[in-house]
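The values are calculated or read from the model by the stated rules, or taken from the named source; none is laboratory data. Keep in mind it's a predicted model, so treat the numbers as computed, not measured. The protein model used for the area step is the full one, side chains on, heavy atoms only, and it has no ligands, DNA or RNA in it. Shrake-Rupley method; radii C 1.70, N 1.55, O 1.52, S 1.80 Å.
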Amino acid sequence: MPCGLVAMSSLGHAAGVGAPVIDGLIALTSADAGRDLRAEGRNLEQLGLSGKSVAEIRSIMETGPTIF
């Protein structure tokens, strides 16, 4: 079951921080499972954070999303 590693990797990449060990674990596990866990996991798009700046993501993480 896809969990936090995809989210951590996605957040790191959005911030310009590499996550080679996490990326390797995702790739190995995906290959072993025969599934694309990166696509299935909690990525930025699924979290509603795609296209947001690091500052925006940080604000959402600290205070929660703005509800209109």
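Please give the length that would be gained between VAL21 and THR66 if that part of the chain were fully extended, namely 0.36 nm times their separation in residues minus their C-alpha to C-alpha distance (nm, one decimal).
Values: separation 45, 0.36 × 45 = 16.20 nm, distance 3.30 nm.
Working it through step by step, the gained length comes to 12.9 nm.
Which percent of the accessible area of the chain is formed by carbon and sulfur heavy atoms (probe 1.4 angstrom)?
Carbon-and-sulfur percentage of accessible area, whole number: 61.
State, as an integer percentage, the relative contact order of the chain based on alpha-carbon contacts under 8 Å between residues 6 or more apart.
On the way: 44 pairs, mean separation 24.6, N = 68.
It comes to 36 percent, rounded to a whole number.
Of (1) 12.9, 42; (2) 16.0, 50; (3) 21.2, 62, which is the value of Rg and Dmax of the Cα atoms in Å derived from the coordinates here?
Comparing each candidate, only (1) matches the computed number.
Over the chain, give the accessible area per residue in Å² for a 1.4 Å probe, as an integer.
Numbers: 4790 Å² over 68 residues.
Normalised by residue count, the accessible surface of the chain is 70 Å².
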